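Worksheet: one structure, shown below.
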Amino acid sequence: MNVTELARKLKIPTKELLEVLPAVGFDIGRRAIKIDDRQAQRVIEQWPRLLVKYRELTSPEEAEVKASGDQAAAEVKKINIPSQIRVKDFAAKLNISLSKLMAELMKNGVLSSMNEAIDFDTAAIVGSELGFEIVQDTASVENSEQDTAHKLERLLSDSTDNLFSRPPVVVIMGHVDHGKTKLLDAIRKTNVMEGESGGITQHIGAYQVTVPSKEEASSRAERGISPRHSTGRGDTFVNRTITFIDTPGHEAFTTMRSRGARIADVAILVIAADDSIQPQTKESIKIIKSAGLPMIVAINKVDKPDANPEKVKQDLATMNLVPEEWGGKTIVVPISAKQGIGIDDLLDMILLVAETEKDQIVANPNKLAVGTIIESHLDRGEGPVATALIQAGTLKKGDLVEVSGNFYGKIRVMKDYTGKEIDKALPSTPARIIGLKAAPSVGDVLEVVSEVNKHKKLSKYHLTQQAVDYSRPKETTDEGSNNTKNLNLILRSDVLGSLEAIIASLSKLDNQEVAVNIIAKGLGNVIETDIERAAASKAIVMGFHVKVTQQAELLAKEKKVEVKNYDIIYKLLEDVHDRLEKMLVPEVIRTDLGRLKVLAVFRKEQKNMVVGGQVLDGQISANTKVDVMDGKFKKATGYVTQVQVNKVNVGAATKGQECGLSYDGKAVIEQGDILNVYKEEIKDKKLEN
């Protein structure tokens, strides 16, 4: 490899690299042009530690420089920060360039992007080396999830005189393959399933349907157009719009809610009639309860021969979700998304619940728009694209918008869920926004501003950022430094919501022995940089709904890097789960069978002996392992291959019997030794789901 190429990868000048490498033990001249590939890989893997080592070697010179600046150092500036702070916010507080701070972090072995959070201890160490005194501000909620929640609550607050009814927002949750996407497909009367891979919704999106009144339904029935079924509730609903949010699993919904975004008004829990309550069903119930959402249970697949809706109701009752027909408060609707059975009843129930919650399902449409980002990605032709659920006000084409306090641009184009261009979006309307300067984070608060604050404009670094990171990756540690084995991954996804959901799900696979270590993650296709990084860190590249560029594919073959691509989120998670399970050290279960005292040695060969003795306790069986004990000292371990009583082969000799046995192993048995006979069972460990 060219030294200049290595320097470019490490993002330092070539001259500086040629000074560092010889100083830390790499046999390379100050004028070298090329470096051995194996050495280059070692440099990339160990670079943070090499920098620390180089600084230690040159510390006397640095000490002299620091000594000359004692007077300036005496005026140390105090900086208050919370327990966690994003790198870019920390740089702003220190009033230094982002690149300088990231370089200092790298010197201390911390590889973080500008959007990743660092803890107080890390910030304190790095800050002190930059000449600042870092003080923890426990009262600060800056950039915290609580602050986001309070901000959204404040923006949405209005006097009751200005509040008007808005469409309810519904989230559909449940176990994989229980029919969430098929239900949404049946509701929308479209063919989403044909455009999706597998039985799971891949991207976070939002869709709207208009539910006609019963009078309109009757009119439609007369005209042969989708008549609606009566629920027997006696309620007559006017034409109403319902907004449905679909997610790639409950992880993304949880993430948005944890950031303060109350995006849903009603939750539908889908349970398959032939499968009943499963682990993800239970987790969905917990999430819905913690979010304080009214719940409707849709028992799906009632048309199947082995469907058992009554068992589902019994299982629900054991979880304190007693169906209405049993005297409880849980609304249960039997449906078949495939056959279209009960869909209209389910829509009626949504409207009924929305009616009971009508005092909460309100917003002021006559103000500057406020909403939550529910999907975000980079489009090759359109640039950064985001889907926002408008929660108050009216979003209009040409509006100036801020996201999380930063100016993100002017709305050039707005589209509804069908892809049709629209000029405005009222509360509870999902709008696809084009014209932003960067891809915002899922769960961020979007607000319209009347004028642009120049101090809030995104920097160039923001504009070139290809992905926004959502969880702090584990710091790469030396093998053997702890008992945890890491599975190194590089993740690539097409949209932000899926990437976030994958990361949140992967974090739950960790245990004390194995863990997922996300080396890098981002949006867009797999490129050469991903392959090079994977080769350096011995990682697997995993892509979701993305392509591998031709150059990256060739480089992967050359570097022998494994690249996997997936169309279904749960296939990716299952693959990682299986890989982690294979990394677990099998459990060896020992069962002691009996003890024998050696009374005589009949034959002794190099690796075999025939001895006789008396069984002290338990039983002595053939094809078992044996420890040869001289008092408390273990002399050897071998195998019992044959057991005889009165010169007749037997399956086992029991307590009190005298027997002869054939022993394979180190020939060290002597008269008076004790043989501890046992068996071992090797059991593969499993990761908890």
Output for the range 610-689: GluC sites (Glu not before Pro) sitting in coil per DSSP, at most 11 other Cβ within 10 Å, listed by number, reads GLU688
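Which of the three applies to the range 338-423, rounded, prolate or oblate, going by the alpha-carbon gyration tensor with a ≥ b ≥ c and a/c under 1.5 meaning rounded?
Verdict is oblate for the range 338-423.
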List the pairs from LYS301/LYS547; LYS9/LYS521; LYS415/LYS564; LYS358/LYS571; LYS88/LYS560 whose alpha-carbon separation is above 29 Å, in the order I gave them.
LYS301/LYS547; LYS415/LYS564; LYS358/LYS571; LYS88/LYS560
In nm, to one decimal, how far is the LYS564 label point from the ILE12 one, both placed 7 Å along Cα→Cβ?
3.5 nm
Pop out the ³J(HN,Hα) list for the range 588-601 in order, Karplus 6.51 cos²θ - 1.76 cosθ + 1.60 with θ = phi - 60°, rounded to Hz; leave Gly and Pro as x.
9, 9, 9, 10, 6, 9, x, 10, 10, 9, 6, 9, 7, 10
Cut-off under 5 Å, modelled amide H: who pairs with LEU487 long-range:
ALA515, VAL516, ASN517
Mean Cβ count within 10 Å, highest first, over the residues of peptides 486-493, 99-106:
486-493, 99-106
Placed amide H near THR241: partners under 5 Å, 5+ positions off or other chain:
VAL211
Under the Karplus curve 6.51 cos²θ - 1.76 cosθ + 1.60, θ = phi - 60°, whole-Hz ³J(HN,Hα) for the range 274-291, x wherever Gly or Pro sits:
9, 10, 6, 7, 10, x, 6, 5, 4, 5, 4, 4, 4, 5, 4, 5, 5, 7
What order, most packed first, do the peptides 11-19, 281-289 have when packing is the mean number of other Cβ atoms within 10 Å of each residue?
281-289, 11-19
What residues have an amide H closer than 5 Å to that of LEU446, excluding those fewer than 5 places away on the same chain, when H is modeled at 1.01 Å from N in the peptide plane?
GLY371, THR372, ILE373
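Count neighbours as other Cβ atoms within 10 Å of each site's Cβ, and list the trypsin sites (Lys or Arg not before Pro) in the range 609-678 that are DSSP loop with at most 11 such neighbours.
Within the range 609-678, the qualifying trypsin sites (Lys or Arg not before Pro) (loop, at most 11 other Cβ atoms within 10 Å) are LYS632, LYS647.
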For a test of the definition: using alpha carbon positions, the gyration tensor, and the 1.5 limit on a/c, classify the range 500-583 as rounded, prolate or oblate.
prolate
Excluding ligands and nucleic acids, what accessible area in Å² is computed for PHE633 using a 1.4 Å probe, to the nearest 10?
130 Å²
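The values are calculated or read from the model by the stated rules, or taken from the named source; none is laboratory data. All figures in this text were calculated on a predicted structure; none of them were measured in a lab. Note that each Cβ is placed from the backbone with ideal geometry, even for glycine, and that neighbours are counted across all protein chains shown. Heavy atoms of the whole protein, side chains included, go into the accessibility calculation; ligands, DNA and RNA do not. Shrake-Rupley method; radii C 1.70, N 1.55, O 1.52, S 1.80 Å.
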